Structure formats: C-alpha cells, structure tokens
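Just below is one structure, and these are the notes that go with it.
The values are calculated or read from the model by the stated rules, or taken from the named source; none is laboratory data. These numbers come from a predicted model, not from an experiment. Cβ: placed from backbone, ideal geometry, glycine included. Neighbour counts: every protein chain shown.
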Amino acid sequence: MKTSGNTILMTGGGSGIGEALARRFHDQGNTVIVAGRRLDALEAACEGRANMLARVLDVESAQGVADFAAGLLADFPALNVLINNAGIMRYERLDKARDLADAEATIVTNVLGPIRLIDAFVEHLVARGDGAIVNVTSGLAFVPLPGAPTYSATKAAIHSYTQSLREMLRGRVEVIELAPPAVQTDLTPGQRTREGYQPLDEFADEVMALLAQDTTPEEVLVERVKGFRTADRDGTHGEYARNLAGLSTRMFDQLGL
C-alpha cells in the first residue's frame, strides 16, 4: 500500500485511533476524508488541515451508507483507500438476562457497517487499480475479553471476513487487517489513561512504520498485539484468557455492573 498520494476514507475518524492515523496519513500528503456520526468531532480533527475533510456517516442505515458512498464518489472520484475503523465497545455480563440493545448495536456498527461500506465501494476500488481496504479488528479477535463478548465476537467476525475478502480481491485490491492491542483512547470509560494500555501516539507511529515497509503486511501487528495473534500456536491462549477474565472482573467492579 502506498502511503502518499492517496484519497482515503477513514471511518471513525473523529477520535482515537481513527483520528491519530488520519492525521498521520494527511501529514504524508494524502487527501483524507474522516467520517462518523458527530460532525463537531470530525471538524475538530480536520481543523487547520487543508485536504482533510469531514463527512457525517451513520452505518446503521443500509440506504444511508449507499447514499453516502454515491455522494462521496461524486465528490472524490480519486478515492482509492477505504479504512474501516469505526467501532463501539460495551461491557456486558453474560450470567443474567439483560437488555440486548448494546449487543445488537455493536453487531450493526462493527460488522454490518464495514460489510456495507465494502459493498458500496468495492467495484470502484477494483476499477481504480490501486485500491486498498484496511479493516481494523483487535487483538480480542484472537483471544476474547469475557467482559466485552459481543465486541470480541464482532472483531473475530471481521478477521474472518477480511481473510475471505483478501482472497476474492487478490491481485485487484490490496486487503489489509490492522489489529490493535489495548490502546489509550476513549473507546470505553477510563481507557484514555488506563495503565498498561499502549499510548495512542506510540501505537499510531508504530502502525505507520509498518505500513511504510516495501511490502505491506497483510496483517499489521504492533509488538504489543503479537502475543494475542499467536496465542493458539504458542499454547498461551489459556493464560491470556485467564488474564482477560480477571480484567473483566475489575472492569465490572469499577463500572458497578
């Protein structure tokens, strides 16, 4: 994947990982469109940056995604990179019946959202000849966090979907998976300052260095997430799972769940 001269759509670009990577791509000479639900956050991310633009997008509406894509391609026919970064994470207990609204919203945003966007842009990206799709998953795609079971399952689903997509588009569109570890963002309450999580700037710098390699990895994995990716192979899955179960208990206690 080339790192300059692109026109990039970054979903979830108004905060966290999306904003940090969008700004770095912009710094490297790319036109970047950040998309999400909150126009104020998107515009703040773009402030003072020519060729970095904000567009409102709600992936919960299938027709809304189709209309968004048609309008974006009319305005930016050079679009050649789609980065599916938008996502939500909710803590959930599985040991009692609950309102499933959070679980359902997580599936729509984290699974249907990327699938809808890929479907809306794939023919254009194939025709471009230099297209790339980057799907942001998580280390939790490989070892789930029991306290965020639906989130973990959605990331595992997109990991699988990305593998299928890569083979379908091989030689026509580059398909990359970016699997972050726990990063200091506002994804969940208190996460921005949580001890032991990777600082956002450190993570973003490491990702950009990996993308800049002569041959872009099919899976972009910073050092902190590699243990999750290889846990099954290394026989450490049980250890990771027990640690994440303990983390879930602490999160439940802190949040009063």
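Filter the range 81-93 down to the residues that are over 18 Å from residue 156 (Cα atoms) and crowded, with 23+ Cβ neighbours inside 10 Å, then identify the one that is farthest from the chain's Cα centre (by Cα). Outline the logic, then answer.
Within the range 81-93, the first condition is being over 18 Å from residue 156 (Cα atoms), and the residues that meet it are 81-82, 93.
Checking the rest, the ones that are also crowded, with 23+ Cβ neighbours inside 10 Å come to 81-82.
Numbers: 81: 14, 82: 11 Å.
This residue is 81.
Return the residue satisfying two criteria in turn: it lies in the range 173-190 and is assigned to a strand (DSSP E or B) and not acidic (Asp, Glu), and of such residues it is nearest to the chain's Cα centre (by Cα).
The selected residue is 178.
What's the number of the condition residue 192 fails, among (1) out of contact with any strand residue (DSSP E or B) (no Cβ under 6 Å at 6 or more places or on another chain); (2) crowded, with 18+ Cβ neighbours inside 10 Å?
(2)
Please specify each residue of the range 191-236 satisfying the condition of being assigned to a helix (DSSP H, G or I) and aromatic (Phe, Trp, Tyr).
203, 228
Would it be correct to say that residue 126 is of a type outside the set (Phe, Trp, Tyr), surrounded by fewer than 20 Cβ atoms within 10 Å (Cβ to Cβ), in contact with a helix residue (DSSP H, G or I) (Cβ under 8 Å, 6 or more places away or on another chain) and more than 24 Å from residue 250 (Cα to Cα)?
Taking the combined requirement at face value, the residue satisfies it.
Yes or no: residue 82 at pLDDT 95 or above and out of contact with any Phe, Trp or Tyr (no Cβ under 6 Å at 6 or more places or on another chain)? Outline the logic, then answer.
Details: at pLDDT 95 or above: yes; out of contact with any Phe, Trp or Tyr (no Cβ under 6 Å at 6 or more places or on another chain): no.
No, not satisfied.
So in the range 24-38, with the set limited to residues that are within 16 Å of residue 200 (Cβ to Cβ) and surrounded by fewer than 19 Cβ atoms within 10 Å (Cβ to Cβ), which one is nearest to the chain's Cα centre (by Cα)?
24
Given the condition closer than 30 Å to residue 254 by Cβ, in contact (Cβ under 8 Å) with a residue 40 or more places away in the chain, surrounded by 19 or more Cβ atoms within 10 Å (Cβ to Cβ) and among the charged types (D, E, K, R), answer yes or no: does some residue in the range 94-105 qualify?
No, the range 94-105 contains no residue that is closer than 30 Å to residue 254 by Cβ, in contact (Cβ under 8 Å) with a residue 40 or more places away in the chain, surrounded by 19 or more Cβ atoms within 10 Å (Cβ to Cβ) and among the charged types (D, E, K, R).
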